[in-house]
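What follows is one structure encoded as structure tokens, with my remarks underneath.
What follows draws every value from the coordinates through simple rules; no lab data is involved. Predicted, not measured: the structure shown is a model, and the values here were computed from it. Here the Cβ is made from the backbone with ideal geometry for all residues, glycine too, and neighbour counts use every protein chain on show.
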Amino acid sequence: MTRSPQSLEQRFADSMGGLLGPDFPGDIGLAVSGGGDSMAMLTLAHNWTRVWGVRLWVVTIDHGLRRESATEAAMVAQECAALGWPHATVKWHWDGSGNLQDAARQARLDLIDRWRGVLRHVLMAHTKDDLSETFLMRFKRGSGVDGLSAMRDRREIHGAGSAAALEENEFLGELPPQSGFREAREMQSDSFEVLRPCLSMRREDLRHYLTVLKTPWAEDPSNLDPKYERVRVRQSLPDLDRLGLSVDLIAETAKRLRRAQEALQQRAVQVWRDIGHEGRTEYARTGDILLTRSGFDGVERETQLRLLAAGLQYVSSAPYRPRAEPLEALLDRLLGGGGGTLHGCECRAEKEQLRIFREEKPLKNLTSPDPQHGFWDQRWRIPAPLPDGAQIRNLGDEGWRLIENKRDTAIPYHAARSLPAVWKGDVLLACDAFGVGPGGGLALWPHGRAGHSFARFLLSH
């Protein structure tokens, strides 16, 4: 067990060297909640900068879900002031839509992206315990290689929520240079990397480190509430350890599965390049994923599932991949010549290819009330300015009837209805995929990055 503060600091330095060295950036961000893990990471990073001279910028996301959260954010700010580092608190306001926990997790990344300005790296304090707990939770759900693989020590994040939505949140403190809170950043395609330098460290070692250095931290009472699955798993770890299933062993197993996952990803990319392509016409991209049926039928099932899951996630801009059971059922229908809907997409076995395209139903009431900024359907960048009174809507049946050259583009009716179009009342002004209107309007921006290819998506998700 690692108990010496010096040895823990050396492990942190080694981890940072592997992640960013030897030419370290001048500025690095840290996401610090006030809990024991993140406060230990802050202290370790502070001591590490004495040698490397890196400037730290610290942010605390206050989700406002507990009464103590504001006090904890203030504690982090006070500790940063004592250490000499700038700190900002960002307050999130939930709009009440969707699952609260999922919304809070996504909001954290979105708000960090808007806060970070020009920073390219943000540290997060996930530990070996987090890795093991996640493994067991996903094992319970019957996850495969992807779900059971160890979380990466670095992860590239593309794109944030719309600037307008994020500006509704409050911030307090000092922001990094060129932050996007004051004004919407033009380069919304910029990405940043989440780095996890504490993945090889145990939670108890980090708390011992804080105790020795007399550094404060806050305990979230929900971390002891057994109504949460993660808490129940955490409380079971000592019993598993007595059976020989230690945190270290679970973490090593997850790392081995990560290597297997990387090999499967490479295989999927190879097959994609042989049998797949992204839909487009002579005028513009359509956003569809197309797979040659003759080639797809002969591929091993694991790769078929991987291509299908990634295609659904890519087309719908969903943050997570679909669950295994409905995914398997959809694959069987496609292989039998049918199709179906899943994950906000529709899939069909056409004569020579399988097509994955956006389902029309979720788009029927989706418009662009603020066409000067942001995206439509999370993946089509809206041009600015649009004509007065114009808005973005899906093409639908009404637009399909108005298209004169629809037989020349090879876009079938079932896929065309979900394409973005510029409307002014009942008048169709433009639909890039069919070459209607001035063209060059709505650029496809999958997962917040222009030109982000499906092959790259397969490797990163």
Quick check: the angle from helix 324-335's long axis to the longest principal axis of the chain, C-alpha only, nearest 10 degrees? 30
Using alpha carbons only, how many angstrom separate the centre of region 203-227 from the centre of region 274-351? 45
Rounded to the nearest 10 degrees, the helix 36-52 long axis (Cα) sits at an angle to the longest Cα principal axis of the chain of 80
Counting Lys and Arg as +1 and Asp and Glu as -1, what is the net charge of the other residues whose Cβ lies under 15 Å from the Cβ of G340? -1
When all Cα-Cα pair distances of region 338-401 are considered, the percent exceeding 21 Å is 38
Give, in whole angstrom and from largest to smallest, the semi-axes √(5λ) of the equivalent ellipsoid of region 400-448, with λ running over the eigenvalues of the Cα gyration tensor. 17, 15, 11
Expressed in angstrom, Rg and Dmax over the Cα atoms of region 1-106 are 15.8, 46
Loop only by DSSP, 15 or fewer other Cβ within 10 Å of the Cβ. Give me the chymotrypsin sites (Phe, Trp or Tyr not before Pro) in region 304-383 that pass, ordered by residue number. Y320
Identify all lysines with a Cα-Cα distance to K406 below 29 Å; exclude those on the same chain that are fewer than 8 residues away in sequence. K351, K361, K364, K424
Rg and Dmax in Å for region 252-347, alpha carbons only: what are they? 14.1, 50
Just the number, please: Stokes-Einstein D of region 367-461 in µm²/s, Kirkwood Rh from C-alpha pairs, 10 °C, 1.306 mPa s. 113
Using the per-residue mean of other Cβ atoms lying within 10 Å as a proxy for protection, in what order, highest first, do the peptides 38-50, 400-412 fall? 38-50, 400-412
Provide, for q = 0.10 Å⁻¹, the log10 of I(q)/I(0) from a solvent-free Debye sum over equal Cα point scatterers in the chain. -0.83
Relative contact order as a percentage, the chain, C-alpha pairs under 8 Å and 6+ apart, gives 13
